Amino acid sequence: MLKVFSHYFPATTLYQVIFDAVVLFAGVIIAIVLQPDVGIEAWRTIVPSALFFAVAMVVLNTLTGFYRPVAGRQTKDVVARVLVGIIVSIPVAYGVFRVLPWGEFASEAVEVSVILLLGLILLMRGFANRGRLGALLSRRVLVLGTGAEAESVERVLRDPDSRGLKFVGFLPTGDEDAPSVAADQILAQRGAVVDVVNELGVNEVIVAVRERRGGVLPLRELLDCKMRGVKVYDLSTFYERVRGQVRIDTLKASWLIFGDGFRQGFWRSLVKRCFDLAASLVLLLLALPVMLLTALIILLEDGGPVFYRQLRVGQNGRQFKVIKFRSMGTDAEKDGKPRWAQSNDNRVTRVGRIIRKLRIDELPQLFNVFMGEMSLVGPRPERPFFVDQLTAEIPFYAVRHCVKPGVTGWAQVRYQYGASVDDAVQKLQYDLYYVKNHTLLLDIVVLAETVRVVLTGEGAQ
C-alpha cells in the first residue's frame, strides 16, 4: 500500500495505472507516426500532448474507481464497471483530444484509433481486475497470533480489496488461549520470529494480539524484523491502510490523542470551504435542469410539498435543517416516532424510489453546503434522536462531529446502505478514517467514487 497525502492506495493499482498510461501514450505516438508529413518540429507539440492525454485518461479512470478489484462478483457487476468506464471516459477523451494543440497531426483517423484503443484497455482492465493479479509483486504477510483478532485479519487479507498482500500463515505467541483459526494454517515454531520471516520471505508482520502486556509479544524479535526492513503493523494501522477504516474494536482514546491525523487547522478548513463554495456553485448550475424536472414530477405525482426539511446534527453538535427532495408520503411519520429508513421502504413514493436510487433527492443539500451548514464530503448527518441513541451505544461516535457533515462521504462509497445500530458501527469506522485523514485529495476521490456509485446503482435503496 502506498500512502499519498494521508490516504492509502494499493501498489498494484499504481502498476496498472502506469502500464495503461504507457500503452495509451505509445498508441497515440504510433498512430501519428503512421500519418504522412510529420516533421521533427511537430514532435515538440505531439509528445507532451500525447503524454497529457494518456495521464488524463488513467487519472480519470482511477478517480472513478475503475481500478478497484471486483474479484468474486458476478459478471453483471464487471460489465457495469466496464460500461461506467466507457460512458465516463470516451466523451471526456473526445473533449481532451479536441482541445490539445496538435492540430492537423491528430487527424480523425488518429482520433478514432486512439479512442478504440482506450475502449479496448477499459474492456481488458475491467475483466482482468476480476481476478487476483500481480502475484509476482505481492507482499507476503505473516499474522502474529491465533485468536479472534488474527482470524479477522486473515478474512481481510483474503478479500479482493486486499490484493497485493499474500497471506502465508499464523504464528502463535505461546501465551494465547485456544486458537480461533484453522489448525492447518498455524505455522510450527521454527525459532525466533525473524527466523520464520527469513525462511518464508515475509515482507510484513501483522500483530493480531489484543493483550500486549505481561510479555505476550516478542518485542525484541519484532524489533529485529523491523531493523531488517520488514514492516510491522498493529491492528489499528493494518485496518486503516488496507480497509480504509478505523476499527472501533481496536481503538483506544490514547491512539486518538497521540496518534497522527485528526488535525483541524485553519488552512485545512479554509481550503475545504473554498472548494465547497466553488464546487457547490458549479454543481447547482449543472443540476438545475434535473432539479426543476424532479420538482415538477413530485408535484404531478401527489402534490406538494416538493422539499423536505429535517433536523440533523452538524459540526460540533450544532443542529440544522437539511433540505432534500421529498421521496416519501407526507404522512411517513404520522405517529411522530423517528424510524430508520429501510431498503424497499413502503413509505417511499414511486417517484421517490427513482430519485433515491439515483441520489437525486440529495441535490438540494447543495444549498446547505453553500450556506456553510454542510460540506460536499463528510460524515452523513443524522437526526438528533438517532445521534443520542448511537452516542450512548457506540464508543467514539461523537468524534465524527468534529468536521462538517457531507452530502456524500467515505462511508457512503465504501459501505452499502444500512439502517441499524450495527450498520452505524460499520459506517462510523469509515467516518473515523475520513475525520483522521481528510484532505482535498480524499475529497476528490470520494466525489469521483460517488459518480461511480450513482452510475452503477451500487448500494442504492
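General observations
- Placing +1 on each Lys and Arg Cβ and -1 on each Asp and Glu Cβ, with no other charges, gives region 190-324 a dipole about its Cα centre of roughly 520 debye.
- If the chain linking Gln35 and Ile354 were pulled fully straight, counting 0.36 nm for each residue of separation and taking away their Cα-Cα distance, it would gain 109.9 nm.
- Placed amide H near Leu217: partners under 5 Å, 5+ positions off or other chain: none
- With DNA, RNA and ligands ignored, accessible area of Leu100 (1.4 Å probe; Å², nearest 10): 20
- Region 350-461 - charge dipole about Cα centre, Lys and Arg +1 at Cβ, Asp and Glu -1, debye rounded to 20: 320
- Taking 0.36 nm per residue of separation and subtracting the current Cα-Cα distance, fully stretching the chain between Asp234 and Val96 would add 45.2 nm.
- Annotation: Arg140 carries an accessible surface of approximately 80 Å², with a 1.4 Å probe and no ligand, DNA or RNA atoms counted.
- Under-5 Å amide H pairs with Met328, H placed in peptide plane, nonlocal only: Thr349
- Put simply, the amide H of Ile323, placed in the peptide plane, has neighbours under 5 Å in Asn368, leaving out anything fewer than 5 places away on its chain.
The values are calculated or read from the model by the stated rules, or taken from the named source; none is laboratory data. Model, not experiment: these values are computed from the prediction. Positions of Cβ are generated from backbone atoms using ideal geometry, with glycine treated the same way; all protein chains shown enter the neighbour counts. To get the accessible areas, we keep the full protein, side chains included, count just its heavy atoms, and leave off ligands, DNA and RNA. Shrake-Rupley method; radii C 1.70, N 1.55, O 1.52, S 1.80 Å.
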